[in-house]
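Report on one structure; see the data block that follows.
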Amino acid sequence: MNERTRVLLVINGVGLWITAVLVGWMYFFMLLGEIELFPVIPAIDVKIPGEARAWNMAHLEGITNGLLLMAIAALAPLITLSDKQHRVLFWSALITGWGFTVPAWANALAGTRGLAFDGGPFPGGLANSVIYLCGWPSVIAVHIVFALMLLGAFNRLKELR
């Protein structure tokens with residue numbers, strides 16, 4: 001993987017961390033039921049929808065997926081793949097990172113789970129079904145990422161004999 005691609009993975013990883021911080025602030029204010037940053041900002045009543053479980057997940061998705069992208073960038077010298085495979089790995093990693101983080105945030109805001117079309121055992125509705133369908137590319141991409149990482153590591157191992 002070339003250095004430019006690795007840097008782009010790091011930039012996107014940091015972008016996911018920034019997203020996690022923004023989601024974290026929303027989580028914090030949702031729990032408080034107000035924006036409270038005394039003495040900088042006086043208490044402002046605010047009603048942020050959703051439940052703590054969903055906001056916690058949305059917050060942690062950004063952190064975890066940001067780390068995943070940066071780990072791929074850091075491990076790239078140990079991964080031997082063709083140029084095409086590296087491109088597929090890069091795009092699959094981006095789809096994985098953002099594709100799991102953004103829907104988690106949307107689920108927190110909408111009060112949905114997005115785990116099954118029309119909700120499955122959870123409340124359904126249009127928002128849930130749209131979020132569910134938007135999650136499929138990342139479900140596929142994450143498997144491609146791990147398959148290529150494993151293939152690339154075994155390829156590198158063969159080179160070291």
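Where a number appears in this text, it was derived from the coordinates with a stated rule and is not lab data. Keep in mind the model is a prediction, meaning the values are calculated, not measured. Every residue, glycine as well, gets a Cβ built from its backbone with ideal geometry; the counts of neighbours run over all protein chains shown.
Some observations on this one:
- Verdict on Leu22 being surrounded by fewer than 19 Cβ atoms within 10 Å (Cβ to Cβ) and within 30 Å of Thr5 (Cβ to Cβ): yes
- Against the criterion of being closer than 18 Å to Ser138 by Cα, within 14 Å of the chain's Cα centre (by Cα) and surrounded by 14 or more Cβ atoms within 10 Å (Cβ to Cβ), Leu115 does not qualify.
- Taking the criterion of being surrounded by 18 or more Cβ atoms within 10 Å (Cβ to Cβ) and farther than 20 Å from Phe122 by Cβ, the only residue of the range 28-47 that qualifies is Phe29.
- Candidates Ala147, Ala108 - the one that is over 16 Å from Leu16 (Cβ atoms) and over 13 Å from the mean Cα position of the chain (by Cα): Ala147
- First in the range 15-35 and free of Cβ contacts under 8 Å to residues at least 12 places away in the same chain and of a type in the set (A, V, I, L, M), second anywhere and buried (at least 17 other Cβ atoms within 10 Å of the Cβ) and not in a strand (DSSP E or B), Cβ under 7 Å, 6 or more apart: Ile35/Phe29
- Annotation: Leu68 fulfils all but one of (1) in contact (Cβ under 8 Å) with a residue 12 or more places away in the chain; (2) assigned to a loop (DSSP other than H, G, I, E, B); (3) not acidic (Asp, Glu); the unmet one is (2).
- Residue in the range 134-147 that is surrounded by fewer than 16 Cβ atoms within 10 Å (Cβ to Cβ), touching an Asp or Glu at 6+ places or on another chain (Cβ under 7 Å), of a type in the set (A, V, I, L, M) and farther than 17 Å from Leu9 by Cα present: no
- Subset of the range 120-161 [of a type in the set (Gly, Ala, Ser) and more than 16 Å from Gln85 (Cβ to Cβ)]: Gly120, Gly124, Gly125, Ala127, Ser129, Gly135, Ser138
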